[in-house]
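First the structure, in the form of structure tokens, and then the observations on it.
The values are calculated or read from the model by the stated rules, or taken from the named source; none is laboratory data. Everything numeric here is computed off the predicted structure, so don't read it as measured data. With ideal geometry, Cβ positions are generated from the backbone for all residues, glycine too; neighbour counts draw on all protein chains shown. Heavy atoms of the whole protein, side chains included, go into the accessibility calculation; ligands, DNA and RNA do not. Shrake-Rupley method; radii C 1.70, N 1.55, O 1.52, S 1.80 Å.
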Amino acid sequence: MAGSADADLLPDLDTLMSRSRDLSRNNGLMAGAVQTNKDNIIGAVLRLSATPDYRLLGKDSTWAREWGNQVEPLFRSYADTTACDASREMTLLGLTLQALGGVINNGDALALPMWLPRPGEMWSTRLMMIESDRLSTPSGMEADATIRAGIERDNFSAPVAYHFRKRHPGDRMGFGLIGGIGGAEEFEQWERVPAFTDWGRRRVLHLHDKERTGQSRGKPLVTAVMKEFHMAGKYCSTELQASVANSLIAAFLESNLDSDSAARLFGDDPRASWKTSAAQAKNIRMPQGASIINLPAGAKLSPFTPGRPNAAFEAFMHSVLRHIAAGMNLPYELLLKDFSQSNYSSARAALLEAWRYFHGRRRWLTDYWLRPIYELWLEEAVNSGRIDAPGFYQNRYAYTRCRFIFAGRGWVDPTKEAQAAQLRMQIGVSTLEAECAEQGLDWEEVLQQRAFEAQRMRELG
């Protein structure tokens with residue numbers, strides 16, 4: 001029926017999440033697709049480029065550049081260390097990769113900004129990642145129309161608070177009760193966390209795709225093609241099992257002999273060579289090692305010619321995998337990591353199409369995950385006096401305007417790509433900043449390094 005966004009999604013969400021995670025654990029193609037998204041959307045580089053809106057602040061571009069150059073190294077001292085992680089295990093890059101993986105597999109990624117001062121550390125703002133399974137409506141409050149899937153909203157559908165289980169519900173079946181970590185009552189206890197503080201500081205980061213009005217939670221990336229993924233995996237496994245089983249059969253013996261007499265044809269050890277059995281004593285050796293085998297009257301040895309591997313297997317799987325790739329917004333070549341059938345033009349067209357998707361995901365990740373984290377950190381930096389930002393709360397957007405540089409997309413043909421970049425800058429449709437950002441580089445650092453190398457070469461003659 002034509003249900004609302006939540007009516008269509010929420011009853012099936014637990015099942016979708018469980019099946020999606022099962023595919024990521026046990027299906028090599030799905031595991032590769034998840035990693036492909038992580039590598040291309042984020043990669044191995046995550047750097048802040050602070051670009052405050054100096055016009056709104058009544059400043060000039062020189063001030064904005066100097067202010068940004070002051071902010072960026074301070075932010076690196078936070079993001080490139082485990083100071084940003086409440087558990088002291090991951091950098092911001094690691095947390096962002098984990099968040100993206102959570103959105104792909106679960107549909108949601110959640111983090112609680114914590115204030116945790118620690119001796120010897122500069123920053124107190126830290127992120128505690130929360131598994132999306134813990135966000136749920138408390139028992140006894142299911143009839144409350146203001147709470148859906150653990151999110152409490154006001155009359156304008158803006159989030160007011162989030163309800164989290166104190167323990168992950170999956171620990172019931174794992175080490176939680178067996179290992180004695182906490183009591184059973186904690187599984188039925190929830191904690192209400194307000195969405196914002198009284199002065200507007202975020203207390204919950206909720207990263208998800210909101211595809212429809214009124215949608216409270218996101219859905220796993222593989223939802224649309226989950227059935228095809230699962231069945232394709234079973235089909236591949238079945239074909240492999242059939243091929244292995246068929247390879248164990250060498251031939252069929254057709255005869256009117258009783259079972260004991262037929263067994264004696266192959267000697268005491270059926271796996272041994274026929275030359276050791278009495279029935280092979282009069283074999284006549286032919287050239288090139290071939291033999292004529294004497295069999296008793298009424299016996300016939302028929303070779304086994306299996307129909308595996310199935311000749312149509314590859315073509316059929318290609319068709320299915322192309323459908324899966326389209327459902328995951330990935331080119332077939334990138335999903336399979338197979339460019340053996342592609343030339344330069346088709347490979348570049350496929351990658352360009354993929355990069356439209358990846359760039360969209362980067363913007364989404366920046367707007368709903370990275371920029372809120374930057375805002376949380378900048379608020380602390382301003383209040384601690386490390387960064388000068390007069391009127392920060394009144395001009396929060398202007399100060400927190402920024403870009404994030406991710407890993408470079410690489411080149412299909414380095415010579416052609418470099419010539420194209422040079423031409424774009426020469427005719428004025430691109431800048432060194434944009435071209436460097438495409439490769440995960442900071443243009444000012446590139447210029448500084450080039451100046452240093454030129455000076456050093458002059459010094460050395």
Heavy-atom accessible area of residue 235, protein chains in place, probe 1.4 angstrom, given in Å² to nearest 10, is 60 Å²
Which part of segment 125-145 falls in the paramagnetic zone of residue 191, meaning amide N under 18 Å from the point 7 Å along Cα-to-beta-carbon?
125-139
Calculated Rg and Dmax of segment 17-121 using C-alpha coordinates, Å
18.1, 56
Round to the nearest 10 and give me the degree value, 0 to 90, for the angle of helix 28-41's Cα axis relative to the longest principal axis of the chain.
30 degrees
Using modelled backbone amide H atoms (1.01 Å from N, in-plane), which distant-in-sequence or interchain residues come within less than 5 Å of residue 130's amide H?
110, 111, 112
Return one whole number: the accessible area per residue of segment 84-236 in Å², for a 1.4 Å probe.
50 Å²
What share of Cα pairs, in percent, lie more than 13 angstrom apart in segment 387-461?
77 percent
Using alpha carbons only, how many degrees (0 to 90, rounded to 10) separate the axis of helix 371-383 from the longest principal axis of the chain?
40 degrees
Listed by chain and number, the residues whose amide H is under 5 Å from that of residue 203, excluding neighbours fewer than 5 places away on the same chain and using placed H, are 196, 197
Taking loop as defined by DSSP and a crowding limit of 15 other beta carbons within 10 Å, which trypsin sites (Lys or Arg not before Pro) in segment 70-150 fit?
88
Share of antiparallel DSSP beta bridges in the chain, in percent to the nearest 5?
95 percent
For 320, 244, give me the order by solvent-accessible area with a 1.4 Å probe, most accessible first, ignoring ligands, DNA and RNA.
244, 320
Any chance you could count the Lys pairs in the chain whose alpha carbons are under 29 Å apart, treating pairs 8 or more apart or on different chains as valid?
18
Mind ordering 57-64, 213-220 by average Cβ neighbours within 10 Å, highest first?
213-220, 57-64
Which whole-number percentage describes the relative contact order of the chain, with Cα contacts under 8 Å and a sequence gap of 6 or more?
18 percent
Nearest 10 degrees is fine. How inclined is helix 313-327 to the longest principal axis of the chain, computing both from alpha carbons?
10 degrees
Taking 121, 191, 444, 72 and ranking on accessible area (1.4 Å, protein atoms only), highest first, one gets 191, 121, 444, 72
Using the Karplus curve 6.51 cos²θ - 1.76 cosθ + 1.60 with θ = phi - 60°, work out ³J(HN,Hα) for each residue of segment 80-90 in order, rounded to whole Hz, and write x for Gly and Pro.
8, 10, 7, 5, 7, 9, 4, 8, 6, 10, 10
Whenever you get a sec, compute what percent of the accessible area on the chain sits on carbon and sulfur atoms (1.4 Å probe).
54 percent
The extension gain from residue 53 to residue 244, computed as 0.36 nm times the residue separation minus the Cα-Cα distance, is 62.3 nm
Rounded accessible area of residue 412 (nearest 10 Å², 1.4 Å probe):
60 Å²
Averaged per residue, what accessible area in Å² does segment 326-461 show with a 1.4 Å probe, protein chains only?
57 Å²
Stretch residue 320-residue 420 to full length: gain in nm at 0.36 nm per residue minus the Cα-Cα span?
32.4 nm
Around residue 386, with a cut-off of 12 angstrom between Cβ atoms, what is the net charge of the other residues, counting Lys and Arg +1 and Asp and Glu -1?
-3
From the square roots a ≥ b ≥ c of the eigenvalues of the alpha-carbon gyration tensor of segment 78-128, which class results: rounded (a/c under 1.5), prolate (a/b over b/c), or oblate?
prolate
What fraction of the Cα pairs in the chain, stated in percent, has a spacing above 42 angstrom?
39 percent
What shape does segment 336-432 take by its C-alpha gyration tensor, where a ≥ b ≥ c are the square roots of the eigenvalues and a/c under 1.5 counts as rounded, a/b above b/c as prolate, and the rest as oblate?
prolate
